[in-house]
Amino acid sequence: MAVLDTSALIYWTLDPDKLSEPARETLAQTDQFVISSISIWEIGVKVSKNLLSIPYRLMITLIIYARYKASKFARRCRDMARQSRTRLVAS
């Protein structure tokens, strides 16, 4: 598993030649990647300020990923709230 920061994600998808040799080797040997939600936000900021242009399909993929992460986080928060309420009632 590899964790991609914003720059690595951008370079890997848009211009792989900008990646360092160790980064390219790691990505070639890895079958699972983790992308931070903040990276999606950073890319959105760059695109909105015209500092980065990305293909439409990649933008849609990032939006779907961000929504998935947000809904997963929301479910986790809801479950934690339910558990804490259960503990308070049971006490």
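The values are calculated or read from the model by the stated rules, or taken from the named source; none is laboratory data. Since this is a predicted model, take the numbers as computed values, not measurements. Heads up, the Cβs are rebuilt from the backbone with ideal geometry, glycines too, and the neighbour counts pull from every protein chain shown.
Where residues in region 3-20 are surrounded by 15 or more Cβ atoms within 10 Å (Cβ to Cβ) and in contact with a Phe, Trp or Tyr (Cβ under 7 Å, 6 or more places away or on another chain), which of them is nearest to SER71 (Cα to Cα)?
Across region 3-20, the extreme among qualifying residues is LEU4.
Would you mention how many residues in region 1-46 are outside any helix (DSSP H, G or I) and farther than 20 Å from ARG57 by Cβ? Step through it out loud before you land on a result.
Taking region 1-46 first, the residues outside any helix (DSSP H, G or I) are 1-5, 15, 19-20, 30-36.
Of the ones still in play, those that are also farther than 20 Å from ARG57 by Cβ are 1-3, 5, 19-20, 30-32, 34, 36.
Counting residues in region 1-46 that are outside any helix (DSSP H, G or I) and farther than 20 Å from ARG57 by Cβ gives 11.
Got at least one residue in region 35-53 being of a type in the set (A, V, I, L, M), in contact (Cβ under 8 Å) with a residue 24 or more places away in the chain and in contact with a Lys or Arg (Cβ under 7 Å, 6 or more places away or on another chain)?
Taking region 35-53 as the starting set, the residues that turn out to be of a type in the set (A, V, I, L, M) are 35, 38, 40, 43, 45, 47, 51-52.
The next check asks that each one be in contact (Cβ under 8 Å) with a residue 24 or more places away in the chain; those that pass are 35, 38, 40, 43, 52.
This time we only want the ones that are in contact with a Lys or Arg (Cβ under 7 Å, 6 or more places away or on another chain), so: 52.
Yes, some residue in region 35-53 is of a type in the set (A, V, I, L, M), in contact (Cβ under 8 Å) with a residue 24 or more places away in the chain and in contact with a Lys or Arg (Cβ under 7 Å, 6 or more places away or on another chain).
Might you let me know whether region 39-48 holds any residue that is surrounded by 13 or more Cβ atoms within 10 Å (Cβ to Cβ), on the phi < 0 side of the Ramachandran plot, out of contact with any Phe, Trp or Tyr (no Cβ under 8 Å at 6 or more places or on another chain) and among the acidic types (Asp, Glu)?
yes
When only residues in region 36-61 that are modelled with pLDDT of 80 or more and within 12 Å of the chain's Cα centre (by Cα) count, which is farthest from MET1 (Cα to Cα)?
Only one residue fits best here, namely GLY44.
Which of the residues belonging to region 21-33 are touching a residue at least 24 places away in the same chain (Cβ under 8 Å) and either surrounded by 10 or more Cβ atoms within 10 Å (Cβ to Cβ) or in contact with a Phe, Trp or Tyr (Cβ under 7 Å, 6 or more places away or on another chain) (or both)? So that I can check it myself, show each step before the final result.
Our first condition is that a residue be touching a residue at least 24 places away in the same chain (Cβ under 8 Å); within region 21-33, this holds for 26-27, 30, 32-33.
Scanning region 21-33 gives THR26, LEU27, THR30, PHE33.
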